Amino acid sequence: MTIIGLIRHGGMWLLAAAGVARFEFERALSHHDRRGRGGDAGRAVYWARRAVAHGSAEARRLLAAFHSVGYGVEKNAVEAARLYQEGANAGDAASHFSLALCYRDGAGVERSLERTFEHWLQAAEGGHVEAQAAVAQCLFTGQGTEADLEMAAGWARLALKNDAADAAELVARIEAALRREYHSAKAV
């Protein structure tokens, strides 16, 4: 029977049991209590760990999130940050984004706005839309990096193009600042 045939006949659990990371991750999600319906946290963690062992970046982020809130495991911000760092080291944009949040909040790592910006930039360059808006905001305010309105505008426009939340407002604020800067330079 083919993989598709197994799935159609309820064989997702067989593929997960056989060590197929994608299906192990799906099992972790199926046990995760996302809607208050009494999920099985222990089983979710079990399947997430198996999927991580088989190379699933999504499962690594899920397991890190479990550690950050204490779902099925003891709450451990250091372990969550370590897992996000592993993902970031592997080039996973979403892990860079989550690790940036750890640095911003000092969750499991020493608080550092510079490291926050670095990881947001890595995530943004990897196509993470929320990170694109965060990079624009940092460049606009100079938080964690040197302020640069032109670069901020470019990242904000990209975030807007990619439908990031609140990107239109951010573009408007940055462009207003650019106009003020232009008019003050012209007046001199």
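In the set (1) hydroxyl-bearing (Ser, Thr, Tyr); (2) outside any loop (DSSP other than H, G, I, E, B); (3) at pLDDT 95 or above, the condition left unmet by residue 184 is number (3).
Of all the numbered requirements in (1) surrounded by fewer than 16 Cβ atoms within 10 Å (Cβ to Cβ); (2) closer than 28 Å to residue 62 by Cβ, residue 182 misses one, and that requirement is (2). When residue 81 is tested against (1) among the hydrophobic types (A, V, I, L, M, F, W, C); (2) buried (at least 19 other Cβ atoms within 10 Å of the Cβ); (3) outside any helix (DSSP H, G or I), just one condition goes unmet, and that condition is (3). Summed over region 96-154, residues that are buried (at least 18 other Cβ atoms within 10 Å of the Cβ), in a loop (DSSP other than H, G, I, E, B) and among the small types (Gly, Ala, Ser) total 2. Summed over region 155-172, the residues that are in a helix (DSSP H, G or I) and buried (at least 16 other Cβ atoms within 10 Å of the Cβ) give a count of 9.
Among all residues of region 94-110, there is none that is over 23 Å from residue 151 (Cα atoms), at pLDDT below 95 and of a type outside the set (A, V, I, L, M).
Within 16 Å of the chain's Cα centre (by Cα) and β-branched (Val, Ile, Thr) - does that describe any residue in region 164-180? No - not one qualifying residue is present in region 164-180. Among the residues of region 138-173, not one is farther than 17 Å from residue 117 by Cβ and of a type in the set (Ser, Thr, Tyr).
So residue 48 passes all but one of these: (1) modelled with pLDDT of 95 or more; (2) surrounded by 13 or more Cβ atoms within 10 Å (Cβ to Cβ). Which condition number does it fail? So the condition that residue 48 fails would be (1).
The values are calculated or read from the model by the stated rules, or taken from the named source; none is laboratory data. Just so you know, these numbers come straight off a predicted model, no measurement behind them. Glycine gets a Cβ as well: all are built from the backbone with ideal geometry, and neighbour counts include every protein chain shown.
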